[in-house]
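What follows is calculated from the coordinates using simple rules that are stated; it is not laboratory data. Quick caveat, the model's predicted, so the values are computed rather than measured. FYI the Cβ positions are ideal-geometry reconstructions off the backbone, even for glycines, and counts take in every protein chain you see.
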Number of protein chains: 2
Amino acid sequence: MSAAFDKLAILGIGLLGSSIAHAVKAYGGAEQVTLWDGSDDVRERASRVIGMDVAASAEDAVRDADCVILCTPVGVFGEVTAQIAGALKPGAILTDVGSVKVTAASDMGGHCPANVHLIPGHPIAGTEKSGPEAGFASLFQEAWHILTPLKQGETAYDDAVARLTTFWQGLGARVETMDPVRHDRVLAITSHLPHLIAYNIVSTAYDMESVEQGEVVKYSAGGFRDFTRIAASDPVMWRDVFLNNKDAVLETLGRFSEDLAALQRAIRWGDGDTLMKEFTRARGIREAIIDAGLDTAEADFGRRHIDPNADK
Amino acid sequence: MSAAFDKLAILGIGLLGSSIAHAVKAYGGAEQVTLWDGSDDVRERASRVIGMDVAASAEDAVRDADCVILCTPVGVFGEVTAQIAGALKPGAILTDVGSVKVTAASDMGGHCPANVHLIPGHPIAGTEKSGPEAGFASLFQEAWHILTPLKQGETAYDDAVARLTTFWQGLGARVETMDPVRHDRVLAITSHLPHLIAYNIVSTAYDMESVEQGEVVKYSAGGFRDFTRIAASDPVMWRDVFLNNKDAVLETLGRFSEDLAALQRAIRWGDGDTLMKEFTRARGIREAIIDAGLDTAEADFGRRHIDPNADK
């Protein structure tokens, strides 16, 4: 099978950018790959650990590329797109891997030339690790990849979506299309709120005067440890997610806080029936996940994606 | 090495009770084991899957036992102790595996005969699975086991604590002693609050009108799925934990909600610096856990303990 693209440019070489590079090396998808990152240090490390062409500037990286993937934090999508706009090849695809899609589309769209196909995207895959050393080829295997196309029924654009779909499928992903507003709402509950809560509980544990940090670490197996893993995720990436999906996150968080207040009240008043009812129905979603075949030992967040040597 | 106990009685045959039975079979610790559960159905299933003696009554189970371990939900500790009090052997040890220790000590203590050594305990080990089929021998390997002895300096009691320590060490546990009030405070943040939050976010997801359940399940890899696993834990056990560790849980939950309100405010006002600061320091505890050698792929809650066939 011929590659989906002749030349692919990856801008931003963190966990996602480096994983795409490794995946293309392993499974194909582009004849040629050029990487770039805004940090001198990251570029230097990337050329050592990934062994692919690292360009000195974003413009150099995207020149002649059929497909450009933004893998930087979403907060700089506008800035990076403005920087590369003049160097993009007519007919090229500009896409991304950002965790929010409404602002990603408008930030990139504000600078993307009319003759370039802007197709925002988001792989539902990741680990809590960051940096060019964190990437690995199998990250996208059997993971969902959501594309949020901006139009439909224009042949050239539809062809570009089809090509990008083929590319991600080649890396092992299951590709879906979705409305960007809906994407941001769904991800607010399935990903953004869980991360916010994980960061928050770790903060709360830090500030407990009545409990020593050593005790928190020592007895973390009771549930807390899972939260610390999620809360080890890249702070810049997550800051940008919350700033760029404000409305959906605040709406979801408001509901979470209301529900938590109800549980708090049940605990205070010794209302075991309410606790029992809420805890019992929580099992339902778990069963749906198991029924969907999504609960293997490796499938949980960070598990299937973990490089067993990364902590060493 | 001779067994720590001639006869061991295990009351309550859920995940913990059945795991102790399997562990004693595998690693020793008692010449003879008798199990009992308040449910006819559980007793019947236990005798099939565990293959050890299951008594028809709690009194029969504890008669002549050197050590009795309560593995029921903590809410019935008083009732069960009252039931067995007349059948307990003088000089026997009465202990438990409950997740709260202050009320456990007073509930058992209110009915425990003076000539029986009451030594409350809590293994920091578990999975989200329940029932007699969920147990497995290695659950306690390298897990902390906290004893909260009620007195010190009485030779017979101290000897009993030493024997119980030897028993748990034989099953692979690392035994520590701790003040019960401190235990309940530490576990409120490392275990009870994480479970409450996990139950709560799953509830919140259920009630989102703007997002379909199928979408929540499908895209749960973004962080949510970990929470559903924790929230699949036994509802009765957790109801009793919250009702019996009310003060420490409410105190910890109050701090969590305050901290979350501060993050909410930062998101609403676009205060990226505050988000960045909080997210960055959350990495510190994770690093401490990694430094303590507690972060192996198997070490996270539910991972090292999972029976790979249990979901089938």
Sequence-separation-based contact order of chain B, relative, with Cα cut under 8 Å and 6+ spacing, percent: 17 percent
For A:R268, inter-copy label-point distances (7 Å, Cα→Cβ), nm, shortest first, read 2.0
Search the structure for amide H atoms under 5 Å from the amide H of B:K101, placed 1.01 Å from N in the peptide plane, and list their residues when 5 or more places away or on another chain. B:D184
If you average the C-alpha positions of segment B:63-89 and of segment A:217-286 separately, how far apart do those two centres end up, in angstrom? 35 Å
Separation of the A:R281 and B:D271 label points, Cα + 7 Å toward Cβ, nm: 3.4 nm
Filtered hits (lysines, Cα-Cα < 17 Å from B:K7, offset >= 8 within chain) -> B:K25, B:K89
Segment B:L250-B:E212, extension gain: residue separation times 0.36 nm, minus the distance between their alpha carbons: 10.5 nm
Inter-copy label distances at A:D207, 7 Å along the Cα→beta-carbon direction, one decimal in nm, shortest first? 2.5
What is the spin-label model distance, in nm, from A:T177 to A:D53 if the labels are put 7 Å beyond Cα along the C-beta direction? 3.1 nm
Quick one: grab the alpha carbon gyration tensor of chain A, order the square roots of its eigenvalues as a ≥ b ≥ c, and give me rounded if a/c is under 1.5, else prolate or oblate depending on whether a/b is larger than b/c. prolate
Ranked by Cβ crowding within 10 angstrom, fewest neighbours first, how are A:H122, B:H145, A:H22 ordered? A:H22, B:H145, A:H122
Any chance you could check the Cα centroid distance between segment B:119-187 and segment B:32-53 for me, in angstrom? 22 Å
At 7 Å out from Cα toward Cβ: A:G51 inter-copy label distances (nm, ascending): 5.0
Helix-derived [θ] at 222 nm for chain B: sum -39500 (n - 2.57) over DSSP H runs of at least 4, divide by residue count, nearest 500? -14500 deg cm²/dmol
In a Gaussian network model over chain A where Cα atoms closer than 10 Å are linked, find which of A:G14, A:G51, A:G214 has the largest mean-square fluctuation. A:G214
Those lysines that a straight Cα-Cα span of less than 19 Å connects to B:K277, excepting residues fewer than 8 apart in one chain: A:K129, A:K246
Among B:V241, B:V211, rank each residue by its count of other Cβ atoms within 10 Å, from fewest to most, as a rough exposure measure. B:V211, B:V241
